[in-house]
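The values are calculated or read from the model by the stated rules, or taken from the named source; none is laboratory data. It should be emphasised that the depicted structure is a prediction, and the values quoted were computed from it without experimental measurement. When we count neighbours, we look across all protein chains shown, and the Cβ atoms used for this are built from the backbone with ideal geometry, even at glycine. Side chains included, ligands, DNA and RNA excluded: accessible areas come from the protein's heavy atoms. Shrake-Rupley method; radii C 1.70, N 1.55, O 1.52, S 1.80 Å.
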Amino acid sequence: MKTLYIVATPIGNLEDITLRALRVLKEVDIIAAEDTRHTRKLLQRYGISKQLTSYFEHNELKKGEWLISQLKLGKDIAVVSDAGTPGISDPGYRLINMAVENYIQVVSIPGPSAIISALSIAGLPTDSFCFEGFIPSKAGERQKLLASLKGVKKTIVFYESSRRLLTTLADINNILGDIDVVVARELTKLHEEIVRGRVSKVLTDLSGRDIKGEITILISPKSVEATEEIPLLDEIIKLHKGLDLPLKEIAKIIAEKRGVPKREVYKEALKLK
Ligand code: SAM
């Protein structure tokens with residue numbers, strides 16, 4: 001039997017691994033890992049001891065040929081990346097193509113992926129979305145890409161490093177306007193944080209902070225015109241009717257959402273008295 005298994009592993013929280021993934025990792029002959037030291041920690045946690053070999057961007061072709069030769073000898077192989085689903089902004093697809101050309105069965109062992117986790121909690125439309133992978137690190141290329149996304153009527157998702165987060169948010173604001181975004185940081189981990197709102201507000205919330213960790217950015221498909229806020233007093237009335245809270249609390253919620261001073265909202269709210 002020879003099968004190439006593409007196995008999803010946790011994006012942070014080591015509990016996020018399926019029973020099937022654990023069984024396959026136990027049963028295969030070889031595990032090809034992006035970083036063997038990283039994967040060894042996961043395997044140790046589940047008491048799996050297995051031959052590991054490295055398979056990463058810079059040895060994809062050569063190691064791919066060796067992995068195919070092992071599959072042809074009848075060995076089962078699992079591919080894992082450092083986090084999430086192999087092949088999603090990670091090495092994988094070249095090996096899969098080689099396997100397909102050699103009539104080797106390829107089986108998906110689904111599980112976590114940062115894009116899907118971020119989309120699942122973003123509160124943005126997910127019926128159709130546009131995944132851009134890692135946004136370019138060079139300013140010119142990044143700005144060109146963002147300009148090409150003007151008018152896209154789908155939720156846009158991309159990966160970004162924490163070092164460039166603020167610069168990229170500023171580029172989004174300059175090029176796409178003050179649109180709604182969601183920044184998903186450290187999903188499934190201890191310091192998980194979701195920051196939502198107009199990009200100008202998110203920038204204010206995050207600036208001055210030492211931002212670390214893994215970041216996924218989502219951009220709302222709605223144009224700035226379409227997301228124009230309802231008049232302040234209308235929003236206060238709506239919330240006042242819906243929530244049994246004092247006006248001060250209502251003002252606090254709305255002020256945080258709009259990124260404006262609380263007293264400004266409370267002053268408007270007093271008109272209801
Ligand atoms: N194959 C992976 C997947 O399926 O999610 C993605 C690999 S890509 C090399 C890694 C990038 O995914 C990170 O730089 C970050 O942008 C995003 N990412 C990974 N883990 C994340 C997490 N826990 N929270 C937010 N974003 C994450």
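Tallying residues that are over 24 Å from GLY151 (Cβ atoms) and more than 11 Å from the ligand (Cβ to nearest atom) within the range 178-189 yields 0. Each residue in the range 237-266 was checked for being in contact (Cβ under 8 Å) with a residue 24 or more places away in the chain, open to solvent by less than 50 Å² (accessible area, probe 1.4 Å) and among the β-branched types (Val, Ile, Thr), and 1 pass.
Do you know which residues across the range 136-165 are within 15 Å of the ligand (Cβ to nearest atom) and of a type outside the set (Gly, Ala, Ser)? Steps first, please.
Quick first cut of the range 136-165, residues within 15 Å of the ligand (Cβ to nearest atom) only: 136-137, 142, 156-165.
Residues satisfying the conditions are PRO136, ARG142, ILE156, VAL157, PHE158, TYR159, GLU160, ARG163, ARG164, LEU165.
What pairs can you find where one residue is in the range 94-106 and over 11 Å from THR3 (Cα atoms), the other is buried (at least 18 other Cβ atoms within 10 Å of the Cβ) and of a type in the set (Val, Ile, Thr), and their Cβ atoms are less than 6 Å apart, with a gap of 6+ or different chains? Sorted first by the residue in the range 94-106, then by its partner, the pairs are MET98/ILE68; ASN102/ILE68. Being assigned to a strand (DSSP E or B) and in contact with a helix residue (DSSP H, G or I) (Cβ under 6 Å, 6 or more places away or on another chain) is true of PHE131. Across the range 24-36, not a single residue is classified as modelled with pLDDT under 95, farther than 29 Å from TYR159 by Cα and not hydroxyl-bearing (Ser, Thr, Tyr).
Taken residue by residue, the range 139-153 has at least one member that is outside any strand (DSSP E or B), open to solvent by less than 30 Å² (accessible area, probe 1.4 Å) and without any contact (Cβ under 8 Å) to a residue 40 or more places away in the chain. When you scan the range 83-92, do you find a residue that is touching an Asp or Glu at 6+ places or on another chain (Cβ under 6 Å) and more than 27 Å from PHE134 (Cβ to Cβ), even just one? Within the range 83-92, not a single residue is touching an Asp or Glu at 6+ places or on another chain (Cβ under 6 Å) and more than 27 Å from PHE134 (Cβ to Cβ).
Before we move on, is ASP234 open to solvent by less than 50 Å² (accessible area, probe 1.4 Å) and of a type in the set (D, E, K, R)? No: the conditions fail for ASP234.
Residues that are at pLDDT 95 or above, of a type outside the set (S, T, N, Q) and open to solvent by 40 Å² or more (accessible area, probe 1.4 Å) within the range 164-179 comprise ARG164, LEU166, listed in sequence order. Would a scan of the range 214-223 turn up a residue that is of a type in the set (Asp, Glu), open to solvent by 40 Å² or more (accessible area, probe 1.4 Å) and away from the ligand (no atom under 16 Å from the Cβ)? The answer is no; no qualifying residue exists.
Scanning the range 121-135 for residues that are within 12 Å of the ligand (Cβ to nearest atom) and open to solvent by 20 Å² or more (accessible area, probe 1.4 Å) returns ILE121, PHE131, GLU132, PHE134.
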